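The values are calculated or read from the model by the stated rules, or taken from the named source; none is laboratory data. Quantities reported herein were computed from a predicted structural model and do not represent experimental measurements. A quick note on method: Cβ atoms are made from the backbone with ideal geometry, for glycine too, and the neighbour counts reach across all protein chains shown.
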Amino acid sequence: MGVVRSRARRVLDSMRLDFSKDANRKANQINDLLDKLNKYDYQIDSNEQILMMENGKRMEDEFARHVEFNDFVKKLALEYYDELEQDPKGSSGNKKADDGNFVVPNNLDDVKKMLSDPKYYNDRDKNDKLIKRWKELSK
């Protein structure tokens, strides 16, 4: 559990969460979040990835993808604390460029086809855009 807590702590440290300004209260808030991870089981695979387990089974999202540990910790933290706004960088050159070749489909059948295509399935950004579109079209 020590490896899990230290990696979760790194994820929390990388986020800009609205913790208390008081050092003791902040430490208690962080420890409370880390304690919430105790109810899950974990396995560390050969690539040093943490696999989340619940009731002896790998945790998966609604698309049968394993739940990424870092994403789970971020989601858990955002259930309890707001994320602070990022400081302005002063340069428009810091924006991530879109590849320009990716077009989000307009119908559910095309979304399903693209989700099963490894070209999109292995690209987390594109996969997330497709899942967002799936949810919009499924309403």
For residues in segment 11-53 being among the charged types (D, E, K, R) and touching a strand residue (DSSP E or B) at 6+ places or on another chain (Cβ under 7 Å), which is modelled with the highest pLDDT?
-> Asp41
For segment 1-28, name all the residues that are in contact (Cβ under 8 Å) with a residue 12 or more places away in the chain, in a helix (DSSP H, G or I) and over 18 Å from Asp71 (Cα atoms).
-> none
Can you name every residue in segment 29-74 that is among the hydrophobic types (A, V, I, L, M, F, W, C) and assigned to a loop (DSSP other than H, G, I, E, B)?
-> Met59, Phe63, Ala64, Val67
Subset of segment 88-139 (residues that are acidic (Asp, Glu), modelled with pLDDT of 75 or more and over 17 Å from Arg65 (Cα atoms)) = Asp109, Asp110, Glu136
Select, from Glu54, Glu60, Glu68, the only residue that is under 28 Å from Ser116 (Cβ atoms), over 17 Å from the mean Cα position of the chain (by Cα), surrounded by 12 or more Cβ atoms within 10 Å (Cβ to Cβ) and not assigned by TED's automatic domain parsing to the domain that holds Lys132.
-> Glu54
